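Undergrad: First, the structure itself, so that you have it in front of you.
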Amino acid sequence: MLILLIRIGFVLLATLAGNSAGRVFYGQLFDGQMTWWFGAAMGFGLGVTLIAAEQAFRRHFTRSLVGFLLGLGGGLLLAFLLLLVLRLVVQDDIYRALDIPVALVVVYLVLITVVRNTDRWRVILPFVELHSEQFDGGAVVIDPATLADGRLPALLRTGFFAQHVLVHKSVVVFWESELTSGEPARVARAQRALDNLRDLRQLTAPRVEVDDTEIPNVRDITDLLIRLARLETARLITAERETARRALAEGVAVVDLAALAQVLVPQVRPGETLEVLVERAGEGKGQGVGFLEDGGMVVVAEAAGLVGQRLAVTVLRIHTTSNGRMVFAERVK
């Protein structure tokens, strides 16, 4: 409410200031032909434009503003120094023709370079923090594999994670492209990821946001998410060991869902009965493959022709690998 009142007051003051300036400046400029309201309209438009810009960049407003001011100041300083040198080495008539174009080009190049790379200045200028505003409880960034995890909506509802969840737009684009892959298993996983995103965006807490921050010079989607997490001072949620290793090497805090699952999920034992959705045919003859909620693979004998069906199966044996558990089972007779 206070912010709204401040914005209204700012627009009113901008309108009044524009009106006062318009009576003097525009009246003289146009020989009194321009009426008083033109200056007021200019002030009102400027005030509304600034508020709209602040809203558009609200999550990165402080970082963007500091980056803009640093870039503008650096560009003006570099242009001033360059023009001093240019004045000494060229004739006056040539200097007068080049001074403004050179200043504009230098200021633009420095400004755009600084604004595009604000996330890197924390290293170069250690006392200047260009991170965006932190949210209560911090923030978390979700990687593609985690978004496709069927347990994610329930985990976020528990309140165990932060109150601000970021899903980068590239993750959404990745799963949308997987829908057209033509492979049933990949299509099913992509559909589950997009369904999870839809469910997450309906939550009132935590707040889930699709982030469209452009981060230049990234090698792959994992690199992009790690840099986004560092930029937002956030944790990265992942179940991929390689992703977790890279994030930790970059100094980003990680929530390892695989380790969390091993602690919280009850262990499956031989002889137990499970219900599993057969998602694709297995490599062995007649085998069907499904997955547990924690991502563990279930190989079901004599289920290759039952893809898309949910079956009751009995666990025969369990094989643990570096990538997780493999459960071998057979259909309940």
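Undergrad: Working only within the range 126-151, note down all residues that are modelled with pLDDT of 50 or more and acidic (Asp, Glu).
TA: Of everything in the range 126-151, those that are modelled with pLDDT of 50 or more and acidic (Asp, Glu) turn out to be ASP143, ASP149.
Undergrad: Filter the range 198-214 for residues that are in a strand (DSSP E or B) and closer than 15 Å to ARG157 by Cα and give the result.
TA: Passing the criteria: ARG207, VAL208.
Undergrad: For the range 63-97, give me each residue that is in a helix (DSSP H, G or I) and farther than 22 Å from THR113 by Cβ.
TA: ARG87, LEU88, VAL89, ASP92, ASP93, ILE94, TYR95, ARG96, ALA97
Undergrad: Would you pick out the residues in the range 190-235 that are free of Cβ contacts under 8 Å to residues at least 24 places away in the same chain, under 21 Å from GLY295 (Cβ atoms), out of contact with any helix residue (DSSP H, G or I) (no Cβ under 7 Å at 6 or more places or on another chain) and surrounded by 13 or more Cβ atoms within 10 Å (Cβ to Cβ)?
TA: GLN191, ASP195 - these are the residues of the range 190-235 that are free of Cβ contacts under 8 Å to residues at least 24 places away in the same chain, under 21 Å from GLY295 (Cβ atoms), out of contact with any helix residue (DSSP H, G or I) (no Cβ under 7 Å at 6 or more places or on another chain) and surrounded by 13 or more Cβ atoms within 10 Å (Cβ to Cβ).
Undergrad: Another question, then. Tell me the residue from ARG189, ARG219 that is assigned to a helix (DSSP H, G or I) and either assigned by TED's automatic domain parsing to the domain that holds VAL255 or not β-branched (Val, Ile, Thr) (or both), please.
TA: Among ARG189, ARG219, only ARG189 is assigned to a helix (DSSP H, G or I) and either assigned by TED's automatic domain parsing to the domain that holds VAL255 or not β-branched (Val, Ile, Thr) (or both).
Undergrad: Checking THR273 against (1) surrounded by fewer than 17 Cβ atoms within 10 Å (Cβ to Cβ); (2) modelled with pLDDT under 80, which test does it fail?
TA: Against the list (1) surrounded by fewer than 17 Cβ atoms within 10 Å (Cβ to Cβ); (2) modelled with pLDDT under 80, THR273 comes up short only on (2).
The values are calculated or read from the model by the stated rules, or taken from the named source; none is laboratory data. Since the structure is predicted, the reported quantities are computational estimates derived from the model, not experimental observations. Positions of Cβ are backbone-derived with ideal geometry, glycine not excepted, and every protein chain shown enters the neighbour counts.
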